[in-house]
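Structure first, commentary second.
The values are calculated or read from the model by the stated rules, or taken from the named source; none is laboratory data. This is a predicted model, so every value here is computed, not measured. A quick note on method: Cβ atoms are made from the backbone with ideal geometry, for glycine too, and the neighbour counts reach across all protein chains shown. All accessible areas refer to the heavy atoms of the entire protein, side chains included, with ligands and DNA or RNA removed. Shrake-Rupley method; radii C 1.70, N 1.55, O 1.52, S 1.80 Å.
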Amino acid sequence: MYKENLVPLDEHQIFLQGPIVVLKWKNAKNWPVEYVSSNIEENLGYKREDFLLSRIKYADIIFGDDLLRVSNEVSNSSLSERNMFEQEYRIIKSNGEIIWVYDYTTIVRDEDGSITHFYVYILDITKHKRNEEVFRRTEKLNTVGELAAGIAHEIRNPLTSLKGFLHLIKNGELKEEYTDIMESELDRIEFILNEFLVLSKPHLTKYNKKDVHVLFKQILPLFKTQAAYKNIQLVTEFDSEELLINCNGNQLKQVFINFIKNAMEAMSSGGVIKIECKKEHNELCIRFIDEGSGISEENLKRLGEPFFTTKENGTGLGLMVSFKIIQEHGGTIQIKSQLGRGSTFEIKLPFG
Ligand code: ADP
Ligand code: MG
């Protein structure tokens, strides 16, 4: 008789408390209240007679924003063949206080199915709602806390090294290699912060129509030297027609670079990386197919977690940022992988 998903916490406590009011409506002109329990006075501050004599209607004490939803539920349930329904909404006490209630309504019908009465049991779930809210907020704080701890950790390493070199320089030791290392440590900090900026400013992103061929033409040359050095062939298989997509070109390029880099890093003994770009079922489908190490089942689940990396010098931010960018473009990413064989990262983006 009672759905678990409506009030998942301390449900027993709520039922033990008992209803704060019980009402019965009769199917007659204007739906008069036939019964109202006396505890309404103590719990809500209204007089029973006001309801019995229709001086106050129950709809009058339902919180304005919830009223339409509540009355829709009542009419839908009445029209269906249901004999009960339940809902949560707010009501206003006579002193102006707003409380959350759980409403369990039984519909009594005669033999031909027409409604004779409504019985309504009202439970106060305000405290429970507040718990739920606190719970949700704590969850969010935990995620933010975890992220902050991760960022701090990632930035502390290069900072420690920078401090060490500064110390050496202060003591009169200035070697060119120090400044080179310092520069690369600063680059790393800048890189990590930039990755996070992408996440924090989605609303500032500008979208234009871009041909995906052009985007790839701009980035593929970047990999030429390294690919030759690692004995990797980058093969492209693109639809010949223009593939125009509404996007932020720089962000999409960042995603492509992340995927190609990861593929190359997974192929220590060379091989082929194939990039397919096709229109399929009115979607743009981009696949990065590598012959690298593959990803274990266990690690597959963790892809996209901030700072999850299996590389000594990895940041574990590339996939997180890529997922976020594709999501903001209304697209999806699918990953298939076989250990020892290779992986396929597939991006699907809507046209238009
Ligand atoms: P990073 O490259 O800094 O480690 P990413 O977020 O780009 O961070 O990738 C996270 C992890 O996902 C990598 O460390 C690697 O274990 C795994 N991974 C990503 N792409 C591939 C791939 N093409 N082949 C094998 N493993 C991959
Ligand atoms: Mg990476």
Item to check | Complete set of residues in the range 300-324 that are in contact with a strand residue (DSSP E or B) (Cβ under 9 Å, 6 or more places away or on another chain) and within 14 Å of ligand 2 (Cβ to nearest atom) | outcome: Leu303, Gly304, Leu319, Ser322, Phe323
Next on the checklist: Quick check on the range 318-347: of everything there that is open to solvent by less than 40 Å² (accessible area, probe 1.4 Å) and hydroxyl-bearing (Ser, Thr, Tyr), which residue is nearest to ligand 1 (Cβ to nearest atom)?
Outcome noted: Ser343
Item to check | Subset of the range 275-317 (residues that are away from ligand 1 (no atom under 12 Å from the Cβ), open to solvent by 60 Å² or more (accessible area, probe 1.4 Å) and not in a loop (DSSP other than H, G, I, E, B)) | outcome: Lys279, Glu283, Glu297
Checklist entry - Looking at this structure, is Glu265 within 16 Å of ligand 1 (Cβ to nearest atom), in the same structural domain as Phe351 (by TED's automatic domain parsing) and open to solvent by 80 Å² or more (accessible area, probe 1.4 Å)? => result yes
Checklist entry - Is there a residue being away from ligand 2 (no atom under 16 Å from the Cβ), under 24 Å from Leu303 (Cβ atoms) and in contact (Cβ under 8 Å) with a residue 24 or more places away in the chain anywhere in the range 253-268? => result no
Item to check | helices (runs of 4 or more DSSP H) fully within the range 158-247 counting 1 or more residues that are outside the structural domain of His329 (by TED's automatic domain parsing) | outcome: 176-200
Next on the checklist: Taking the criterion of being under 18 Å from Lys26 (Cα atoms), assigned by TED's automatic domain parsing to the domain that holds Val21, in contact (Cβ under 8 Å) with a residue 12 or more places away in the chain and in a loop (DSSP other than H, G, I, E, B), would at least one residue in the range 101-109 satisfy it?
Outcome noted: no
